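Step one of this worksheet: look at the structure below.
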Amino acid sequence: MSDDPREDTSEGERFLVIAVDGPAASGKGTIAAGLARHYRLPALDTGLLYRCVGVLMRKAGEDLDDEAVATAAAATLTADQLEDPALRTRAAGELASRVAVHPRVRAALLEFQRTFANQEGGAVLDGRDIGTVIVPDAPAKLYVTATPEVRADRRWKQLAGQGEAVAYEDVLADILKRDARDGGREAAPMRPAADAVLLDTSEMTIEQAADAARRIVEAARARWLKAN
Ligand code: DC
């Protein structure tokens, strides 16, 4: 028997890996969680890994530009650390984007993500480089976008809901800065994989975006099942 998890599983379910990439507050997290529920797949929000490294560095008073220290922090991460609500704050997003520029930090987090992606039965992962670097052979890839203004509005409402009072203009400035850093870095820059389907959610409700995402995955899944 082959070790390849893409073989049929005993339940007759087929292996399905769904890669969901896109910029901050594009809706990719909500879409990924919805797909995971729909297909009953485990989900990994890979942004949490970088957020955790950033927060650990800040707590320890370390310099975020110190690649060696950041890499050591990344190497010690465990799955239970990702549950910390402190990782969901605006500040944690900024710290994450800063440590995510380091190639060795990215390398230290690679195996955890690949192992998650390759578990039997499949998985949904969302991030910036899932379709390009982490699982380049994922059968279903989405790149979720929305205009910076729409994303800033969504993030602002989300932060307000978490009790984090912040001006809309500041959230928009954060988003533009993060887009520039995440897309401009040399190591695994944020960009759509050549075979990703673009989903612009600017004019969509959450339900519409979730429906559109499911249709994209259904089409990809049908193609993949036919070919395998
Ligand atoms: O998706 P998020 O906002 O939680 O991500 C936080 C930061 O982490 C993001 O600005 C860049 C980095 N990140 C990354 O470089 N690669 C990923 N796969 C996920 C996140």
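Quick notes
- Looking across segment 104-156, the residues that are β-branched (Val, Ile, Thr) and in contact (Cβ under 8 Å) with a residue 24 or more places away in the chain come down to 105, 124, 130, 132, 133, 134, 135, 144, 145, 147, 150.
- Qualifying residue in segment 190-205 (condition: closer than 30 Å to residue 67 by Cα, at pLDDT below 95 and out of contact with any Phe, Trp or Tyr (no Cβ under 9 Å at 6 or more places or on another chain)): yes
- Unmet requirement for residue 220, which otherwise passes all of (1) more than 16 Å from residue 126 (Cα to Cα); (2) at pLDDT 95 or above; (3) surrounded by 18 or more Cβ atoms within 10 Å (Cβ to Cβ): (2)
- Out of 145, 115, 89, one residue alone is among the polar types (S, T, N, Q) and at pLDDT below 95. It is 89.
- Residue check for residue 68: free of Cβ contacts under 8 Å to residues at least 24 places away in the same chain and either of a type outside the set (Asp, Glu) or within 13 Å of the ligand (Cβ to nearest atom) (or both): no
- Of the residues making up segment 145-189, those that are assigned to a loop (DSSP other than H, G, I, E, B) and exposed (fewer than 13 other Cβ atoms within 10 Å of the Cβ) number 5.
The values are calculated or read from the model by the stated rules, or taken from the named source; none is laboratory data. Since we're looking at a predicted model, the values are computed, not measured. Here the Cβ is made from the backbone with ideal geometry for all residues, glycine too, and neighbour counts use every protein chain on show.
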